[in-house]
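See below for the structure under consideration.
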Number of protein chains: 2
Amino acid sequence: MATVSRVVNNNPNVKPATRKKVYEAIERLGYRPNAVARGLASKKTTTVGVVIPDISNAMYAEVARGIEDIANMYHYNIILANADKKKDKEIRVINTLLEKQVDGLLFLGAPVTDEHLQAFKTANVPIVLCATTDESGQVPSVDINHESAAYDAVMSLIGQGHKRIAMISGTLQDPANGYARFQGYKRALEASGIPYDDSLVRIGNYRYESGADAMRYFIELSERPTAVFSATDEMAIGAIHAIQDSGLKVPSDFSVISVDNSRMASMVRPQLTTVAQPMYDIGAVSMRLLTKLMKKENVDQSQVVLPHEIVVRQSVGGI
Amino acid sequence: MATVSRVVNNNPNVKPATRKKVYEAIERLGYRPNAVARGLASKKTTTVGVVIPDISNAMYAEVARGIEDIANMYHYNIILANADKKKDKEIRVINTLLEKQVDGLLFLGAPVTDEHLQAFKTANVPIVLCATTDESGQVPSVDINHESAAYDAVMSLIGQGHKRIAMISGTLQDPANGYARFQGYKRALEASGIPYDDSLVRIGNYRYESGADAMRYFIELSERPTAVFSATDEMAIGAIHAIQDSGLKVPSDFSVISVDNSRMASMVRPQLTTVAQPMYDIGAVSMRLLTKLMKKENVDQSQVVLPHEIVVRQSVGGI
DNA sequence: CTGTTAGCGCCTTCAG
DNA sequence: CTGAAGGCGCTAACAG
């Protein structure tokens, strides 16, 4: 019994001949180790839980790939759990994952509320936030600076001579993709001495149609903007099509820029200029951080911010 | 101890007062049941494993949503495992899931090889194939008829007067999205007395660029096709852009039809005519089937085929 | 190097 | 209705 355990767990203290015999028996009997029993006995499951806000969102899928690759590298299994972007489902999912005795947790949902913090606190395994941050700085995280990504995007528009710049925002309740990007937009205007104009901001829901709706609104304006900054690629694509559908052109009539650099950005005409977020890296780095935490290695930097960059394509023109 | 177990598991044989006291103690102590221990003792984990070929594929994400919803309904947890479209990773993932003692397994990868069948056979929990089929009919499955979906698509082109119809196919090694659709294409031509022409078929990799490449090839042909059938939306969109980039128009110069009806289909201009597969339903139905199998209820129909339909938009015109 | 002995935390009889 | 006892399949000391 114990020897079989040693063989299965690659414990070196087994005579090669014995090891071989055990392997043969395993083969012959079709023995499959019971991970549940193992987990109970060893108090480790070598699996980490990943809670994803929305599995059908390509950005998160990319993060997941980064997580996966590093997890495999360190021989952790990962179990993905979808949370439908609902806060209570997130909490529920965190708890089931914890009940399943995962060795660590990666959380991708935003915003991180007090309730989340509460749930995290009761966990006795390390947790790292991935593609999101905890404002209070209590939980390790890996993210980009959404505010400055937005700022850079809008500044690049201003650099092209645009002065009347609209924004298609996400909900301001969403700290990362929503609020922070809106703040970046405002700061860029401010830094350039452009007065902020409420009528130039529409709130969308990150979907294509909401981008198109917002754009149609801007087109109707008596004093039209010359450029629009979208919080996400998908809404930007909706905007581009709304422009084209009404007989106008990108970028000659309107410049469009967004942030995400999803695969879709090159799947429109004109191709979308957008600021790229290193989603894969966010996943990879956060998983790496988690492994360190799980091994109780000490980490110098527990709130890491990855750099972003503008990918210039064809949707922005000068004025 | 036993009473707590009863309370936690909603066993009715507990006096309400006692139940209340237990709940209070649970709250006060911050007790969290250990699912691993529970799984070991009860030999059930109330979780089902889902192996997904490619988490970044929107179609699979949609299937996953269907699975999730039904799983929640029946109080099963689901653990998603990505397999990167690699056969050996699929096998490995199936095995880890089985080691984790899932109560059932949903497998979404294609093709289903003998090795897969072998792995399934050693499982002593029910397995259902989801959005894929086992040719040999040994494993329950829920899928659409890819061959006839392709057939219908091509027939609709022929109905519009097209005679020279190209195809952008997936790899013929892929039985569902690849081979079956190609067969449907051929059968439609045959049924209409149109000779099959090898030079009118290009193999892509389901990605945007490969669709564009294939289309560029067709455009160069001395005898151009008037319509193209793409095995997937994404390749179709690549094709549409290749057409437009070379100054031609859809659908006046080329009609384009595909199968998937992904969300992207309405995110192109012109919007894509495509045959819709009920991905959500495939997920939901297969999960439902799995619950029956797990409860050892008998099922009348273990190989279910869901209907598809053509969604007419703007990318197909008459000749 | 290998076998023996205790649990891991819970569920499940079985008494009471 | 509640407690006691045994055991799920495995790992972790501990002897030998």
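The values are calculated or read from the model by the stated rules, or taken from the named source; none is laboratory data. On a predicted model such as this, the values are computed, not experimentally measured, just so you know. Neighbour counts run over all protein chains shown; Cβ positions are idealised from the backbone, glycine included.
Worth pointing out:
- Verdict on A:LYS87 being among the charged types (D, E, K, R), touching a residue at least 12 places away in the same chain (Cβ under 8 Å) and surrounded by 21 or more Cβ atoms within 10 Å (Cβ to Cβ): no
- Filtered by the rule that a residue be within 13 Å of DNA strand C (Cβ to nearest atom), in a helix (DSSP H, G or I), without any contact (Cβ under 8 Å) to a residue 24 or more places away in the chain and within 14 Å of chain B (Cβ to nearest Cβ), the stretch A:6-52 gives A:ALA35, A:VAL36, A:ALA37, A:ARG38, A:LEU40, A:ALA41, A:SER42.
- Residue satisfying condition, being at pLDDT 95 or above, farther than 21 Å from A:ASN124 by Cβ and in the same structural domain as A:ALA284 (by TED's automatic domain parsing), within set A:ILE91, A:ILE67: A:ILE67
- Of all residues in the stretch A:2-24 being more than 10 Å from DNA strand D (Cβ to nearest atom) and in contact with a helix residue (DSSP H, G or I) (Cβ under 8 Å, 6 or more places away or on another chain), the one that is nearest to B:ASN95 (Cα to Cα): A:TYR23
- Members of the stretch A:58-75 found to be more than 8 Å from every other protein chain (Cβ to nearest Cβ) and in contact with a helix residue (DSSP H, G or I) (Cβ under 7 Å, 6 or more places away or on another chain), listed by number: A:MET59, A:VAL63, A:GLY66, A:ILE67, A:ASP69, A:ILE70, A:ALA71, A:TYR74
- Of the residues making up the stretch A:221-238, none is buried (at least 24 other Cβ atoms within 10 Å of the Cβ) and farther than 19 Å from A:ASN261 by Cα.
- Residue within the stretch B:291-302 that is closer than 19 Å to B:GLU209 by Cβ and free of Cβ contacts under 8 Å to residues at least 40 places away in the same chain present: no
- Test: residue in the stretch A:258-267 that is over 20 Å from B:MET264 (Cα atoms) and either modelled with pLDDT under 95 or not hydrophobic (A, V, I, L, M, F, W, C) (or both): no
- Some residue of the stretch B:92-112 being within 9 Å of another protein chain (Cβ to nearest Cβ), of a type in the set (Ser, Thr, Tyr) and either out of contact with any Cys (no Cβ under 9 Å at 6 or more places or on another chain) or farther than 30 Å from B:CYS130 by Cβ (or both): yes
- The single condition among (1) within 16 Å of DNA strand C (Cβ to nearest atom); (2) over 22 Å from A:LEU290 (Cα atoms); (3) of a type outside the set (A, V, I, L, M) that A:ASN57 does not meet is (1).
- Matching helices (runs of 4 or more DSSP H) fully within the stretch B:200-319 where at least 1 residues are among the charged types (D, E, K, R), assigned by TED's automatic domain parsing to the domain that holds B:GLY104 and under 20 Å from B:CYS130 (Cβ atoms): B:279-294
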